[in-house]
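Engineer: Here you go, one structure.
Please treat every number below as a calculation from the coordinates, not as lab data. Since we're looking at a predicted model, the values are computed, not measured. Heads up, the Cβs are rebuilt from the backbone with ideal geometry, glycines too, and the neighbour counts pull from every protein chain shown.
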Amino acid sequence: MYSIIVAPIDLSAPESSERILDRAMFFLQNSQASIYFLTVAAVTTDKSSLEELRTQLQQFISTKILENTDRTFAEVGVGKPSKAIIEFAQAKKADCVLVGAHRGGGLLGLNSLGSTAAIVAAQASSDVCVVKGPS
């Protein structure tokens with residue numbers, strides 16, 4: 001089982017982030033894993049806005065995670081999301097990164113990876129768990 005999991009949260013995409021939060025909750029309840037929730041801001045974001053993002057992330061997490069809070073951490077990264085997620089996971093020595101799939105368009109309407117999730121899946125040195133959206 002995993003011991004350190006990175007769960008990127010896009011606060012502008014609540015549906016996908018809710019699914020990642022649910023999967024993180026599963027790991028918290030069924031293992032001893034520590035979960036690092038990470039949201040990524042643009043390089044140009046000022047310090048007070050970064051603190052506001054951290055507060056928003058903590059509030060989002062607290063909607064579901066009421067137990068094992070000693071194993072959950074809210075972090076804000078800066079830069080291109082895929083690069084920030086990969087570098088953060090490496091720095092924390094994560095053994096799993098959660099990424100969200102979203103319902104694609106087109107004729108088949110299949111779940112698909114967005115560009116950030118695809119890059120993380122291809123370049124992360126750890127396992128990557130794809131959290132699918134509704135079918």
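Engineer: For segment 24-34, in order, what is each residue's ³J(HN,Hα) by Karplus, 6.51 cos²θ - 1.76 cosθ + 1.60 with θ = phi - 60°, in whole Hz (x at glycine and Pro)?
Structural biologist: Those phi angles translate into 4, 4, 4, 5, 4, 7, 10, 7, 9, 5, 9 Hz.
Engineer: Is the shape of the chain rounded, prolate or oblate, going by the alpha carbon gyration tensor and its root eigenvalues a ≥ b ≥ c, with a/c under 1.5 for rounded and a/b larger than b/c for prolate?
Structural biologist: rounded
Engineer: Still on this structure, I have one more. Which residues' amide hydrogens lie under 5 Å from the amide hydrogen of Ala13, considering only partners 5 or more residues apart or on another chain, with H built in the peptide plane?
Structural biologist: none
Engineer: How do Phe37, Phe27, Phe73 line up, fewest other C-beta atoms within 10 Å first?
Structural biologist: So the ranking, lowest neighbour count to highest, is Phe73, Phe27, Phe37.
Engineer: Treat the count of other C-beta atoms within 10 Å as a stand-in for reagent exposure and order Ser3, Ser48 from fewest to most.
Structural biologist: Ser48, Ser3
Engineer: I've got another one for you. Between Thr44 and Ser3, what is the FRET efficiency for a Förster distance of 35 Å, r being their Cβ-Cβ separation, to the nearest 0.05?
Structural biologist: It comes out at approximately 0.50.
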